[in-house]
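What follows is one structure encoded as structure tokens, with my remarks underneath.
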Amino acid sequence: MKVISILNYKGGVGKTTFTINVSQALALIGFRVLAIDNDSQHNLSLLLNKEIVYPNIRDIYRCSVGMAGKKMLDAIHETGLRNFHVITSHTQLSTNDIKDPYILQKAITFSSLHRFYDFIIIDNSPGIDTIQEASVHAADEVFIPTELSFFALNGIDELHKVFEEKFRDDCTVTKIIPNCFRNTKRQNEYLEMLKEKHPQKVTETTIPYDPVFDFCIKEGKTLFIHRLFSKAAAYYLKLIHELFDLDEQNTWNQVVHKRNHELRSEARERFFKNKNASSVSETILP
Ligand SMILES: Nc1ncnc2c1ncn2[C@@H]1O[C@H](COP(=O)(O)OP(=O)(O)O)[C@@H](O)[C@H]1O
Ligand SMILES: [Mg+2]
């Protein structure tokens, strides 16, 4: 099992988009995935149609170390997609809830999640205070999705400094993922600067700017099911191959197979819903 924390000083750079799409794609490929919403804005939970539900991540932070493992198991909810589960967040999640910076790590160990999952992906709020720190202590790897702009690059340098001070060898940033890439001269310059500063960390695959992400949010759709042939889905799958060293042809076949299955079940559900609705109206209407 691998635990990955998704971080950035900045908001709106694609952390939640990355978490949901990578989790869904890995689940469609056949991996068992748990996503954890570690952000009081609970965008990830909302995307998965979860309003505030109990227990959630805040309850795990607030319980005693001895109870953390059990609370974690109780806080796991289904998402509607096979192999993909979520621990939701709460609007009142705050730094005061964190009594022990290692509680998330302990909860993951005590609940033996390695027996149930291949990946745990933790979506964070912007910044790096005790809430995000708890996720870094629990993580094997830290991924940073970023825009390509002056302030975004500056934020990554700051984040690296914080990591050196706070975590030393405990945990380092492993991957930086350029997001919302537009193939302009300026964006390419920023990309080159980023690669020069962090040569081994910046992924070869950049995620292009694509309005399909907002479409998926608005319509509650899954990118790899409802827009598998979009530019965004193609680049995300390429990124996933790169990040997790997967076989391209094999994963593509798996995703297409599961996607067709999901689309067929949706169509079947729609058919019976319409059929039932029309038979009800037939009996009610004169
Ligand atoms: N590659 C992209 N192209 C276009 N829009 C994107 C892309 N990545 C993310 N977005 C959009 O940007 C907005 C912020 O993304 P989000 O993942 O919520 O950022 P964060 O979690 O870092 O705050 C969302 O509306 C999302 O749909
Ligand atoms: Mg977010």
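Just so you know, all these numbers are worked out from the coordinates, no wet-lab data involved. This one's a predicted model, so the numbers in the text were calculated from it and none came from an experiment. Methodologically, a virtual Cβ is constructed for each residue, glycine included, from the backbone with ideal geometry; neighbour enumeration extends over all protein chains shown.
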Exercise. Just for the Cα atoms in the chain, what are the lengths along the principal axes, largest first, rounded to whole Å?
Worked result: 75, 52, 33
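From the helices alone, meaning DSSP H stretches of at least four residues, give me the mean residue ellipticity at 222 nm for the chain, per-run term -39500 (n - 2.57), in deg cm²/dmol to the nearest 500.
My calculation for the chain gives -16000 deg cm²/dmol from helical runs alone.
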Exercise. Which value in nm describes the separation of the simple spin-label points at R115 and D100, placed 7 Å from the Cα toward the beta carbon?
Worked result: 2.0
Seminar exercise, completed: To the nearest 0.05, the calculated FRET efficiency linking E242 and E196 through their beta-carbon distance, R0 being 25 Å, is 0.80
Problem set entry | Under-5 Å amide H pairs with T146, H placed in peptide plane, nonlocal only | I177, N179
Exercise. In whole angstrom, how far apart do the alpha carbon centroids of region 196-243 and region 148-177 sit?
Worked result: 22
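For I156, I217, what's the fewest-to-most ordering of other Cβ within 10 Å of each Cβ?
By the 10 Å Cβ count, ascending, the order reads I217, I156.
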Exercise. For N274 and E51, what is the calculated FRET efficiency with R₀ set at 25 Å and r taken between the beta-carbons, to the nearest 0.05?
Worked result: 0.35
Exercise. How high is the FRET efficiency between E219 and N250 when r is their beta carbon distance and R₀ equals 35 Å, given to the nearest 0.05?
Worked result: 0.75
